[in-house]
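See structure below.
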Amino acid sequence: MKFIRNLLILAVLMGGALYLTNPDQEAFAAFLQEYVQTELADDTPGETEIGKAFRKGLGQVAGAVGSQMAQREDLTVASVYTIDIAGNTYRFLGVAGQFVQIERVELQPG
């Protein structure tokens, strides 16, 4: 009986912790800014200082605009953010203050 009680207490504590750390739109904007900068860096090896500044600027714009364009599905202990960019759909799971890309649907040519 103690095991079930302790398990229930642990589940309630974990649920409360996840609820309190469920990331909001502001956290998603910061994540999106970093995500865009990282994605652009992967595409441009050996970039110049001007390229780095341009990438940082694009990341800041993407963070500000993208968080406004994203649709948030609040699951109480986590959130799913969906954003459509140039016909491509991206979905991110936000849980415990972290984000993970869970889906990327690219526009099919033709």
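The values are calculated or read from the model by the stated rules, or taken from the named source; none is laboratory data. Just so it is clear, the structure is predicted and the values come from calculations on it, not from any experiment. Cβ atoms come from the backbone with ideal geometry, glycine included; neighbour counts cover every protein chain shown.
Close Cβ contacts (under 7 Å, 6 or more residues apart or on different chains) running from residues in segment 61-83 that are on the phi > 0 side of the Ramachandran plot to residues that are part of a helix (DSSP H, G or I) comprise Thr76/Tyr19. Return yes when Ala41 is in a helix (DSSP H, G or I), in contact with a Lys or Arg (Cβ under 9 Å, 6 or more places away or on another chain) and modelled with pLDDT under 80 and no when it is not. Criteria met by Ala41.
Return the residues of segment 56-88 that are at pLDDT below 90 and over 15 Å from Ala30 (Cα atoms); say none if nothing qualifies. Within segment 56-88, Asp84, Ile85, Ala86, Gly87, Asn88 qualify. Of all the numbered requirements in (1) within 23 Å of Leu107 (Cβ to Cβ); (2) among the small types (Gly, Ala, Ser); (3) under 16 Å from the mean Cα position of the chain (by Cα), Ala29 misses one, and that requirement is (1).
From the set of residues in segment 56-110 that are part of a helix (DSSP H, G or I) and of a type in the set (Val, Ile, Thr), which is nearest to Val36 (Cα to Cα)? Taking the candidates together, the pick is Val61.
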